[in-house]
Amino acid sequence: MRLTVNGLARDIDADPEMPLLWALRDVLGLTGTKFGCGVAACGACTVHIDGEAVRACQVPLGEVWGEVTTIEGLGTDGSLSILQAAWVAQQAAQCGYCQPGQIMQAAALLAVVPDPTDDDIDAAMAGNLCRCGTYPRIRAAIRQAAADLREAG
Amino acid sequence: MGRARRITRRAFLVATAAVAGGVGFGVWKAREVPANPLAPDAGVSLNPWLIVDGGGVTVVVPRAEMGQGVRTTLAALVAEELDADFAAIRVIHGPPAQAYFNGALMEAGLPMPNFALSDRQRWIGAQMAALPKVLSLQVTGGSTSTVDAFEKMRLAGATARETFKLAAAARAGADTAQLATENGAVLMPDGTRLTYVELAADAARIEPPEVMLRDPGQWRLLGRALPRTDMAEKVTGSATRRWRCRGWSG
Ligand code: FES
Ligand code: FES
């Protein structure tokens, strides 16, 4: 099977029924995307398919309909995206386990709603759970990222 | 009656010998200073918590990061006394080794709150503290990481700082009392800066001196909110998780 992941064509030799999350982590070694629940209840596995935020634990490999972007495609430790830099500025993460999923969900929101209200943020982020309870800092990071992105044009 | 006494006495003797042997061994094992497990390919390690190489200062935080911020707090303990540039410090987990035993584990294990401990209970706790060392228990848990590291990681920073001063003094023919330290460097009497990186090779050949810890009133880092050293890796997803075992350097 051939997928485009973070802009690169990748050949994956796996069962088409395998959830995309497994293929990303175990076959491609992209372990930035996390496994939380496996049943679409937590959002830790959120990635983009053609820019839309999806739960990678719920999409079988054979049904991936477009280009996949994972947290690794957003920025790296030495070169953070504006969104990730806002996360650092707000010191949003505690254990950090939920954060790649949170960030991918927030990226999809900001792509559609450049200046979200708190209600927009809460509605878009409702499916992404954080056991550490970092919600207020996540919200602050999204607001800062929205402002930074507008400034950057 | 006579027989019972004999048996009792013999049992007593045997028991005493076993206890004495156990204590003797325990004291010897507990006093032995664990070896420094670090042998960096590049740069030098002055003690089990510190590596200085061309890239600067790396602190070993031998406890698992699970959201409690241990990679920041414990790194700050070393940086505070070392006068390192905290923003530039790198943190690694290090190898499993006896040097990283958790001495606070057993004291925390006593079945009563800390404030309610009697002197005798504290004494028992202090004796039991040797156990994790003898058994090399490198455990993270029970809110013990900072308690265990509070003195030893500050001492690691302080002894390294004084060793760097000895190395700088030897180079310049100066007295250590004339030297200060700041942001990862020794300040010489004439105002020049000798960085720890420059001094590392010399410092590694010097026997670390006995040091005193600073008064908390002088602290610049401890007791303040610090930017977390692990924030970037957590927002890129590259942070190593406990169940993903790769070599200790990776
Ligand atoms: S792992 Fe996919 S939603 Fe929890
Ligand atoms: S930061 Fe720990 S689960 Fe969100």
Residue count, the stretch A:60-80 (criterion: within 14 Å of chain B (Cβ to nearest Cβ) and charged (D, E, K, R)): 2
Selected residue [under 24 Å from A:MET18 (Cβ atoms), open to solvent by less than 50 Å² (accessible area, probe 1.4 Å), outside the structural domain of A:GLY38 (by TED's automatic domain parsing) and away from ligand 2 (no atom under 16 Å from the Cβ)] from A:ALA145, A:ALA108, A:ALA56: A:ALA108
Residues of the stretch A:111-131 satisfying the condition of being open to solvent by less than 40 Å² (accessible area, probe 1.4 Å), away from ligand 2 (no atom under 14 Å from the Cβ) and within 13 Å of the chain's Cα centre (by Cα): A:ALA124
Pairs where the first residue, in the stretch B:224-243, is over 21 Å from B:THR58 (Cβ atoms) and more than 7 Å from every other protein chain (Cβ to nearest Cβ) and the second is open to solvent by less than 50 Å² (accessible area, probe 1.4 Å) and assigned to a loop (DSSP other than H, G, I, E, B), C-beta under 8 Å, 6+ apart: none
Breaking point among (1) away from ligand 2 (no atom under 16 Å from the Cβ); (2) open to solvent by 30 Å² or more (accessible area, probe 1.4 Å); (3) within 13 Å of A:PRO100 (Cβ to Cβ), for A:PHE35: (1)
Qualifying residue in the stretch A:110-124 (condition: in contact with a strand residue (DSSP E or B) (Cβ under 9 Å, 6 or more places away or on another chain), within 16 Å of ligand 1 (Cβ to nearest atom) and either in contact (Cβ under 8 Å) with a residue 60 or more places away in the chain or within 14 Å of another protein chain (Cβ to nearest Cβ) (or both)): no
Residue check, A:LEU83 closer than 29 Å to A:GLY153 by Cα, more than 12 Å from ligand 2 (Cβ to nearest atom) and within 11 Å of chain B (Cβ to nearest Cβ): yes
Members of the stretch A:38-53 found to be touching a residue at least 40 places away in the same chain (Cβ under 8 Å) and open to solvent by less than 10 Å² (accessible area, probe 1.4 Å), listed by number: A:GLY43, A:ALA44, A:CYS45, A:THR46, A:VAL47
Residue match in the stretch B:70-93 (condition: at pLDDT 90 or above and over 20 Å from B:GLY184 (Cα atoms)): yes
The one condition in (1) under 18 Å from A:VAL5 (Cβ atoms); (2) charged (D, E, K, R); (3) in contact with a helix residue (DSSP H, G or I) (Cβ under 9 Å, 6 or more places away or on another chain) that A:GLU67 fails to fulfil: (3)
Residue match in the stretch A:78-91 (condition: over 25 Å from B:ARG71 (Cβ atoms), modelled with pLDDT of 95 or more, among the hydroxyl-bearing types (Ser, Thr, Tyr) and open to solvent by 20 Å² or more (accessible area, probe 1.4 Å)): no
Test result for A:GLN94, within 16 Å of ligand 2 (Cβ to nearest atom) and open to solvent by 60 Å² or more (accessible area, probe 1.4 Å): yes
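The values are calculated or read from the model by the stated rules, or taken from the named source; none is laboratory data. Note that the structure is predicted; figures quoted are calculated from it, not measured. Cβ: placed from backbone, ideal geometry, glycine included. Neighbour counts: every protein chain shown. Areas reflect the complete protein model, heavy atoms only, side chains present, ligands, DNA and RNA absent. Shrake-Rupley method; radii C 1.70, N 1.55, O 1.52, S 1.80 Å.
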